[in-house]
1. Could you tell me how many of the residues in the stretch 74-116 are part of a helix (DSSP H, G or I), in contact (Cβ under 8 Å) with a residue 24 or more places away in the chain and of a type in the set (Gly, Ala, Ser)?
2. Report every pair of residues separated by at least 6 positions or lying on different chains whose Cβ atoms are under 6 Å apart, first residue within the stretch 156-185 and under 15 Å from LEU199 (Cβ atoms), second assigned to a helix (DSSP H, G or I) and charged (D, E, K, R).
3. Among the residues of the stretch 29-42, count how many are surrounded by fewer than 17 Cβ atoms within 10 Å (Cβ to Cβ) and either in contact with a strand residue (DSSP E or B) (Cβ under 6 Å, 6 or more places away or on another chain) or more than 19 Å from ILE99 (Cβ to Cβ) (or both).
4. Out of the residues in the stretch 43-68 that are of a type in the set (D, E, K, R) and under 17 Å from LEU95 (Cβ atoms), which is surrounded by the fewest Cβ atoms within 10 Å (Cβ to Cβ)?
5. Exactly one of these conditions fails for PRO153: (1) in contact (Cβ under 8 Å) with a residue 24 or more places away in the chain; (2) within 27 Å of ARG77 (Cβ to Cβ). Give me its number.
6. Please note which helices (runs of 4 or more DSSP H) are completely contained in the stretch 117-218 and include at least 1 residues that are among the polar types (S, T, N, Q).
7. What residue, among those in the stretch 167-196 that are more than 15 Å from the chain's Cα centre (by Cα) and surrounded by 15 or more Cβ atoms within 10 Å (Cβ to Cβ), is farthest from ASP141 (Cα to Cα)?
8. Scanning the stretch 138-190 for residues that are at pLDDT 90 or above and hydroxyl-bearing (Ser, Thr, Tyr), which turns out farthest from SER83 (Cα to Cα)?
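The values are calculated or read from the model by the stated rules, or taken from the named source; none is laboratory data. Quantities reported herein were computed from a predicted structural model and do not represent experimental measurements. Neighbour counts are summed over all protein chains in view; Cβ atoms, including those assigned to glycine, are modelled from backbone coordinates with ideal geometry.
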Amino acid sequence: MTAEPVRPEAASAAADEEVVGEARWPMAGAVLAAMVLTILLPDSIRLGPVWLLPAIEGLLLVAVIAADPGKITQRSRELRALSIVLVAVLVLGALWSTIVLIDHLIVGGSETESAGELLQAGAVVWISNNIAFALLYWELDSGGAAARAHGLPAYPDFAFPQQMNPLLARPGWRPRFIDYLYLGFTNATAFSPTDAMPLAPWAKIAMTVQSVVSLAILALVIANAVNVLT
């Protein structure tokens, strides 16, 4: 009795269902970078004292890593809630600094008196927003990294080129944090999708908000810096 050969379709389906968890360190590195950027912000535009947000973000990051220390594969409601709270704190801090900075640019503030300080503050706020939105896309797309490790849904929130054309990637390809980081930075500079296309309403709203925030920061900061210099 001979074994029945495995059909290509069955092999492909098995590959699609294989658990492919991504490493935790890129996401953790982005959170640590956001914490450092928060410390570098001027006191006048930071939410709370210098230690508050980094302390909260650090505790949440440690809790997330402790709950799933290896590859991101563990699907847990509590763990996902912790991850979402961490991302929410990062987004809240970045948006708060953005709103305060824009207010100071319009009505005047201490950091607007020097072109160098203004450009530094604007750069820190701009990069902080890009990291925060990249983490937001990464955490919410298709149920999060742990859910994606167990297989991509038929209808994802973002459509990457590798999903629209499977010939562009190896079988079982999953988007990883670097893909969302690239998405966040290109959306902030081009003010439109350049790589992944937003499909879900929340994704379109989030990308619109990020584009508006980035446009406001770049336009107002550069205009005020030129005004100070002249």
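1. Total meeting the criteria: 6.
2. So the pair list comes out as ASP157/ASP141; PHE158/ASP141.
3. Qualifying residue count, the stretch 29-42: 5.
4. ARG46
5. Only one criterion is unmet by PRO153, namely (1).
6. 161-164, 177-190
7. PHE191
8. THR189
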